[in-house]
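Novice: Got a structure for you, written out below as structure tokens; questions coming shortly.
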Amino acid sequence: MTRKKLARGYTTGTCAQAATKAAAWMLLTGEKIRETEVILPNGETARFPIEGIRIEEGAVSCGVKKDSGDDPDITNGILVESRVERIRESAYLVEGGSGVGRVTKPGLNQPVGASAINRVPREMIGQELSDAAQETGYEGGLKAVISIPEGEKLAERTFNPRLGIEGGLSILGTSGRVEPMSEQALLDTIRLEMQVKYAEGKRYLILSPGNYGLDFLKQSYGIEETDVVKCSNFIGDSIDMAAETGYQGLVLVGHIGKLIKVAGGIMNTHSKWADCRREIFCAHAAICGGGEQVCRELMDAATTDACFAVLDAAGLRRRVLDSMLPAIQMHLDRRSAGHLKIGAVLF
């Protein structure tokens, strides 16, 4: 069977770039256009229909609807707008308007107080202003204000508020394209959150795969969600990124149903890569004196809780856990390679 190739989409940065090009051209020529073509940061060429055209005295606004392709992105279908106006300064300015977030914490792509328009799209938008002026012979300055009408509401469903981006979405993109179902976007978010906490002065990190760990930390230690980085299934990658960022140490906190996999050296705990939970229980039960019947029951168990029930019946829970934990520590130490202190808490 041939698998359907997933469609790529376009970033908010590309949409802002295209909307800016159309608005600048209409402003400087008076010619109304319904589509425009831009060169993406990766060198590709793409054509976009223009929506929501508004012509004012000394300014033009245009919008481009975001197509995320087959990527499950909450920004799919949103309108990204650019309002271009003439200014007295001899400069090409790029600013964020309504629905575009503002940076409130250090460690992000832009300085504190700036609009959350990352470097590459900011440069591409500025280049469109410059090109439009050069092509039309305009010698004054131009300013593009990028807005996302739905941005403030949608931002509440993203990591932005936690990262220190308030009031809206970010204008992102390095290649101009959205890769469908990409894990890289999540890894980039984890790295960014680490960098923000590092910039705040933190040198030791708490990692947790998900909400179970966050709830446990809150209930058991009073540790707030904002003090924890969620690493999803990316245990190994997160350790690598923490070391690269410069952290001195970290503790990994999570439910044993997920973190038991680390005892087998599994550093991406998604079930599509590996499971081996029953096999790991079985191996440690065997070396702790569990006989063939115990091992068979463990291999037939459907859940981690069921494995514990087998171990409890055999009186082996404590001995098996005492055997597993050093194995987890060994694999964590091996992955961190001495770059940081590391440990784990399982519940």
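The values are calculated or read from the model by the stated rules, or taken from the named source; none is laboratory data. If you're wondering where the values come from, they're calculated on a predicted model, not measured in any experiment. When we count neighbours, we look across all protein chains shown, and the Cβ atoms used for this are built from the backbone with ideal geometry, even at glycine. For accessibility, only protein heavy atoms count, side chains too; no ligands or nucleic acids. Shrake-Rupley method; radii C 1.70, N 1.55, O 1.52, S 1.80 Å.
Novice: Relative to the longest principal axis of the chain, what angle (0 to 90°, nearest 10) does the C-alpha long axis of helix 184-199 take?
Specialist: Helix 184-199 sits roughly 90 degrees off the main axis of the chain.
Novice: What label, among (1) 21.9; (2) 20.2; (3) 23.0, belongs to Kirkwood radius over Cα pairs in Å computed from the structure on display?
Specialist: Working out Kirkwood radius over Cα pairs in Å from the coordinates points to (3).
Novice: Right, another one. Quick one: pull the percent of accessible area on the chain belonging to carbon and sulfur, 1.4 Å probe, ligands and nucleic acids left out.
Specialist: Roughly 49 percent, rounded to a whole number.
Novice: Angle check, please: helix 12-29 long axis (alpha carbons) against the longest principal axis of the chain (alpha carbons), in degrees 0 to 90, nearest 10.
Specialist: Computed tilt is about 0 degrees.
Novice: So which of Lys21/Lys65; Lys66/Lys105; Lys32/Lys65 end up more than 25 Å apart, counting from Cα to Cα?
Specialist: Lys66/Lys105
Novice: Excluding residues on the same chain fewer than 8 positions from Lys261, give the aspartates and glutamates whose Cα lies under 16 Å from its Cα.
Specialist: Asp237, Asp275, Glu279, Asp305, Asp322, Asp333
Novice: Still on this structure, please answer the following. In a shell of Cβ-Cβ distance under 15 Å around Arg34, excluding Arg34 itself, what net charge do Lys and Arg (+1) and Asp and Glu (-1) give?
Specialist: +1
Novice: Show me the ranking of peptides 86-95, 128-137 by mean Cβ neighbours inside 10 Å, starting with the highest.
Specialist: 128-137, 86-95
Novice: At 222 nm, what value in deg cm²/dmol follows for the chain if DSSP H runs of at least 4 each add -39500 (n - 2.57) and the sum is divided by all its residues, to the nearest 500?
Specialist: Estimated from H runs of four or more residues: -12000 deg cm²/dmol.
Novice: Additional query: How large is the convex hull of the C-alpha atoms of region 41-164 per residue, in Å³?
Specialist: 134
Novice: In addition: As an exercise, identify the GluC sites (Glu not before Pro) in region 33-69 lying in DSSP coil whose Cβ has no more than 15 other Cβ atoms within 10 Å.
Specialist: Answer by residue number: Glu44, Glu57.
Novice: Give the accessible surface of the chain per residue, rounded to a whole number of Å², with probe radius 1.4 Å and ligands, DNA and RNA excluded.
Specialist: About 49 Å² of surface per residue is accessible.
Novice: I'd like the antiparallel share, as a percent to the nearest 5, of DSSP beta bridges with both residues in the chain.
Specialist: Roughly 60 percent of the DSSP beta bridges within the chain come out antiparallel.
Novice: Excluding Cys307 itself, calculate the net charge of residues whose Cβ lies under 12 Å from the Cβ of Cys307, where each Lys or Arg counts +1 and each Asp or Glu counts -1.
Specialist: -2
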